[in-house]
Amino acid sequence: MDRRKILRLANVLVASQIRAGRGTSDPGSFFARPIALVLADAVLFLSVFAVVFEGAGFVGRRDPALLYLLSTEVISFLPLLALGVVLIAGVMFELSSTNRFATSDAANWLPITPVEYVAASSLAATFVYSVTLALSLGAGLGLAVASGLEVAYVFAAALSLLGLFLGGLLIEVLRASTQRLSSLVARRTGRAALALRMVVFLVVILAFQSIFNPLFLLRILAWLGVGGTGALAVPLLWPSRAVLALLDGQVGLAGLLAAADVVFVALIGYLAAWVRARFWAPVPFEQSLEAHRYATRHPWLAAVGLSPVEASLVSKDFRGLVRRRELVPILLTPVVIAIFSLVTTLQSPSGEGRGAGFGVGLLVAWIPGFFALLLATTSFGQERRAIQTLFALPIPPSSVFRAKAAAAVLPALAFGLAFWALEAGYFQPGAAADIVLLAVVGLVVALGAFLGLAFASRYSDFQERPRPQFLRPLPMVGAMLSGVGLIFAIALPVIFWVIGGAPVDAVAVADLGVAFAVGAVVIAACFGAARSGTERFLRSVPV
Amino acid sequence: MSGDAVPSPLPSTAAPASGRPILEVRDVSKSYGPVLALRRAAFELRSGEIVGLLGPNGAGKSTAMKVILGILPPDEGEVRLFGENVQSDPVGAKRRIGYVPENPQLYEFLTGAEYLDFIADMYELDVEHRAARIGQFFTALDLKGHENAMISGYSLGMKQKIALIAALLHRPKLLILDEPLNGLDPRSARIVKDLLKSLATREGVAVLFSTHVLEIAQAICDRVVILDHGSVLASGTVGSLRDRLGRAGSGLEELFLNLTGTEDIQGVVEALAR
């Protein structure tokens with residue numbers, strides 16, 4: 001194992017990720033170099049620390065016991081948060097390399113061993129996602145200093161860094177596994193093979209999140225009624241238990257659990273290298289389908305008002321969504337979130353109470369809106385270099401806009417209506433709530449789609465690189481934060497109204513009316529930004 | 001040309017290279033940041049002409065083609081297609097142009113048949129007749145049997161053939177082909193060359209194509225336009241360039257190297273071999 005080679009390769013992989021864009025940015029500029037991330041980390045860390053420290057001081061002066069409780073909970077949770085965030089983001093954004101690029105990546109033919117590749121790639125992931133760690137560690141330090149828990153904080157910070165690296169290793173396991181899954185159906189005929197691949201992907205991602213993501217694992221353990229000592233049997237929870245042990249003065253147990261965690265990370269590293277060596281299958285995805293019928297005119301897409309050209313564009317995007325390995329995680333995102341949300345919701349007996357109400361809100365409002373946002377933000381970038389085709393063909397910009405919007409709205413709306421039917425049939429919140437929730441589905445889907453397109457038409461990334469992204473990293477963060485914020489701004493008043501028993505009175509009508517009016521204004525603004533962005537984008541080919 | 005039935009893009013009407021220019025590139029300049037890709041480039045194409053756009057790597061050939069297609073706006077100058085400024089009606093211009101990009105960038109998750117059906121949809125071609133026409137191309141270019149395989153599994157040459165079919169499907173009046181013979185096997189390359197000649201002489205289609213294989217340019221082009229550092233160094237028939245440079249009996253390669261200043265090749269080879 002050559003450490004210099006690992007660091008060099010990790011540096012290239014990080015650069016590949018942060019130089020996303022139209023390929024015209026200056027690679028020599030400070031912000032195109034990995035060191036820029038360190039600066040971003042430092043700025044975020046110090047800013048969050050300053051804010052939280054001030055807030056913690058205020059809480060501490062009023063209620064020291066509350067501050068101590070809050071601090072211990074947060075500090076012990078830091079290692080789990082680091083791993084959980086890498087796994088959630090990794091599943092969505094780290095598997096976006098096309099099969100073609102993955103098979104022709106220089107790493108396949110350069111003299112790099114699987115161990116070196118896995119180490120470098122995991123280091124790169126650690127570095128890229130260090131931004132999230134900087135945020136949580138900054139907050140943690142603010143609380144730790146305010147409550148005198150500096151030693152436990154340093155211990156938790158070290159374990160968090162290890163957790164981040166563990167996340168990178170687990171993403172490598174998933175990367176090699178999904179590549180292997182693609183090659184499983186290669187050379188097989190028919191759409192059934194594609195459907196099979198998608199089902200297998202869903203099972204693998206669900207199993208992966210259930211087993212390795214502590215944020216989901218904690219829910220499942222709670223659901224199964226496993227806690228306390230039982231949780232000690234789960235290696236992923238050892239770092240948090242170690243921090244808690246240190247806070248309780250059990251230094252020996254803390255040291256033992258930390259050492260066990262290091263051994264566990266090493267074992268996962270070994271597994272990742274083994275999977276890479278064993279299952280990395282650099283073969284082009286080759287598959288035949290049933291004979292194509294030229295008569296197809298997409299009647300159901302025409303039925304929603306799309307022209308034949310627009311319907312054909314949408315149909316092309318739908319095919320990509322179910323056939324492309326790098327897009328399947330996006331398609332599966334609402335399914336995965338829905339399953340885990342249902343686990344929480346169904347914990348509440350008969351689906352009653354606040355937990356159930358919030359779960360209903362998540363299903364009906366959050367998931368369709370977020371799905372539309374994901375589809376729309378990736379809508380231009382997923383075209384990759386074939387985006388040239390859209391420019392070279394005689395398609396009016398208005399048709400491209402309508403097609404891209406429809407390709408985001410229709411699947412999200414389908415999910416939304418399915419969840420709405422589930423909500424209406426199972427939880428039965430009442431006719432008034434059903435109608436209002438149906439309106440919310442339409443609003444959040446439109447909001448997610450237009451906001452996503454507004455970002456996608458301005459900041460998409462079309463490059464084929466070792467770690468490609470569909471949208472440049474910073475705009476992706478901006479799109480997600482603003483999207484989540486706006487979706488909740490529309491949905492929360494409704495969710496609270498449903499939790500409160502969905503009363504039909506003047507106050508409720510006024511509250512919901514204001515929420516919907518604000519939502520309509522925001523959607524209109526996003527629509528305008530998306531349409532003008534698309535028209536401007538289509539004036540000059542980006543690659 | 002082989003005996004394969006290559007589909008005819010237009011009903012047969014003889015149209016010699018004459019009359020008003022189909023394409024006029026007028027003093028076009030285009031920069032990418034500080035890099036000047038085209039510098040007051042000017043040339044034209046008439047009906048039935050095959051013009052080779054030649055130049056070293058980075059000369060501005062692909063940029064010129066994208067500006068002509070209307071997918072890159074020029075910083076200065078204008079491109080006129082059938083007398084109309086391309087930028088004033090880019091969608092209308094694209095309907096009359098067939099374009100093959102430098103590297104075929106196709107939707108690889110579609111099968112060959114699905115991709116061409118999609119292209120036919122974009123040109124709003126008649127659904128009834130497209131299957132027969134696409135089938136003819138598949139047969140002529142030895143793609144028969146691969147039409148229902150995903151493009152991701154195609155070789156470079158097969159992808160290039162699909163890109164060529166996509167450019168010809170709607171019977172364009174102007175073909176803009178950026179290295180169209182890349183990756184093609186000798187038989188397919190011959191079919192494409194003969195098809196281009198046939199389209200030009202029999203149907204009056206104007207063809208602008210770039211290539212680094214100067215023998216091909218010399219064999220099939222009526223004229224060549226030589227670009228270097230974004231400027232048009234010379235244009236005309238090989239014979240007229242020979243006369244201008246005073247190099248009687250020279251081939252296009254010698255003329256090209258003479259014009260682009262790369263005659264020091266021997267010195268470069270010796271330095272590299274050391």
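If you go through the stretch B:193-216 one residue at a time, how many are in contact with a helix residue (DSSP H, G or I) (Cβ under 7 Å, 6 or more places away or on another chain), open to solvent by less than 10 Å² (accessible area, probe 1.4 Å) and farther than 18 Å from B:I68 by Cβ?
Of the residues in the stretch B:193-216, 0 are in contact with a helix residue (DSSP H, G or I) (Cβ under 7 Å, 6 or more places away or on another chain), open to solvent by less than 10 Å² (accessible area, probe 1.4 Å) and farther than 18 Å from B:I68 by Cβ.
Considering only residues that are part of a loop (DSSP other than H, G, I, E, B) and open to solvent by less than 30 Å² (accessible area, probe 1.4 Å), which ones fall in the stretch B:135-154?
Restricting attention to the stretch B:135-154, the residues satisfying the condition of being part of a loop (DSSP other than H, G, I, E, B) are B:141-148, B:154.
Across the stretch B:135-154, the qualifying residues are B:L141, B:L143, B:Y154.
Would you mind stating whether A:S71 is more than 24 Å from the chain's Cα centre (by Cα) and among the polar types (S, T, N, Q)? Give the steps one after another, and end with the answer.
Values: more than 24 Å from the chain's Cα centre (by Cα): yes; among the polar types (S, T, N, Q): yes.
Yes.
Can you work out which of the residues in the stretch B:218-274 that are open to solvent by 40 Å² or more (accessible area, probe 1.4 Å) and of a type in the set (S, T, N, Q) is farthest from B:P56 (Cα to Cα)?
Among residues in the stretch B:218-274 that are open to solvent by 40 Å² or more (accessible area, probe 1.4 Å) and of a type in the set (S, T, N, Q), the one farthest from B:P56 (Cα to Cα) is B:S240.
Exactly one of these conditions fails for A:R319: (1) facing chain B (nearest Cβ under 8 Å); (2) under 18 Å from B:E108 (Cβ atoms); (3) open to solvent by less than 50 Å² (accessible area, probe 1.4 Å). Give me its number.
All conditions are met except number (3).
Only one of (1) part of a helix (DSSP H, G or I); (2) open to solvent by 20 Å² or more (accessible area, probe 1.4 Å) is not met by A:V504, so which one is it?
Every listed condition holds for A:V504 apart from (1).
List pairs: first residue in the stretch A:517-543 and free of Cβ contacts under 8 Å to residues at least 40 places away in the same chain, second residue surrounded by 19 or more Cβ atoms within 10 Å (Cβ to Cβ) anywhere in the structure, Cβ distance under 8 angstrom, at least six positions apart or on different chains.
Cβ pairs passing all conditions: A:V518/A:I490; A:S540/B:I71; A:S540/B:L72.
Write out, first by first residue and then by second, each pair whose Cβ atoms fall under 7 Å of each other, whose residues are 6+ apart or on separate chains, and whose first residue, in the stretch B:98-124, is more than 8 Å from chain A (Cβ to nearest Cβ) while the second is assigned to a strand (DSSP E or B).
Sorted first by the residue in the stretch B:98-124, then by its partner, the pairs are B:G98/B:L175; B:V100/B:L177; B:V100/B:D178; B:E102/B:D178; B:G112/B:A149.
For the stretch A:448-497, give me each residue that is touching a Pro at 6+ places or on another chain (Cβ under 7 Å) and open to solvent by less than 10 Å² (accessible area, probe 1.4 Å).
Listed by number, the residues that qualify are A:D461, A:F462.
Quick one: would you say A:R385 is crowded, with 20+ Cβ neighbours inside 10 Å, within 24 Å of the chain's Cα centre (by Cα), at pLDDT below 95 and within 14 Å of chain B (Cβ to nearest Cβ)?
Details: crowded, with 20+ Cβ neighbours inside 10 Å: no; within 24 Å of the chain's Cα centre (by Cα): yes; at pLDDT below 95: yes; within 14 Å of chain B (Cβ to nearest Cβ): yes.
No.
Condition test on B:L36, is it in contact (Cβ under 8 Å) with a residue 40 or more places away in the chain, touching a helix residue (DSSP H, G or I) at 6+ places or on another chain (Cβ under 9 Å) and in the same structural domain as B:P90 (by TED's automatic domain parsing)? Steps first, please.
Details: in contact (Cβ under 8 Å) with a residue 40 or more places away in the chain: yes; touching a helix residue (DSSP H, G or I) at 6+ places or on another chain (Cβ under 9 Å): no; in the same structural domain as B:P90 (by TED's automatic domain parsing): yes.
Judged against the criteria, B:L36 is not a match.
Being charged (D, E, K, R) and open to solvent by 40 Å² or more (accessible area, probe 1.4 Å) is the filter; apply it to the stretch A:237-269 and report the residue that is nearest to A:G163 (Cα to Cα).
Step one: filter the stretch A:237-269 for residues charged (D, E, K, R), giving A:241, A:248, A:261.
Those left that are additionally open to solvent by 40 Å² or more (accessible area, probe 1.4 Å): A:241, A:248.
Working: A:R241: 13, A:D248: 22 Å.
Here the answer is A:R241.
Output the residues belonging to the stretch A:143-158 that are open to solvent by less than 30 Å² (accessible area, probe 1.4 Å), small (G, A, S) and under 27 Å from A:P34 (Cβ atoms).
Residues satisfying the conditions are A:A156, A:A157.
The values are calculated or read from the model by the stated rules, or taken from the named source; none is laboratory data. Everything numeric in this text was worked out from a predicted model, so none of it was measured. Here the Cβ is made from the backbone with ideal geometry for all residues, glycine too, and neighbour counts use every protein chain on show. Side chains included, ligands, DNA and RNA excluded: accessible areas come from the protein's heavy atoms. Shrake-Rupley method; radii C 1.70, N 1.55, O 1.52, S 1.80 Å.
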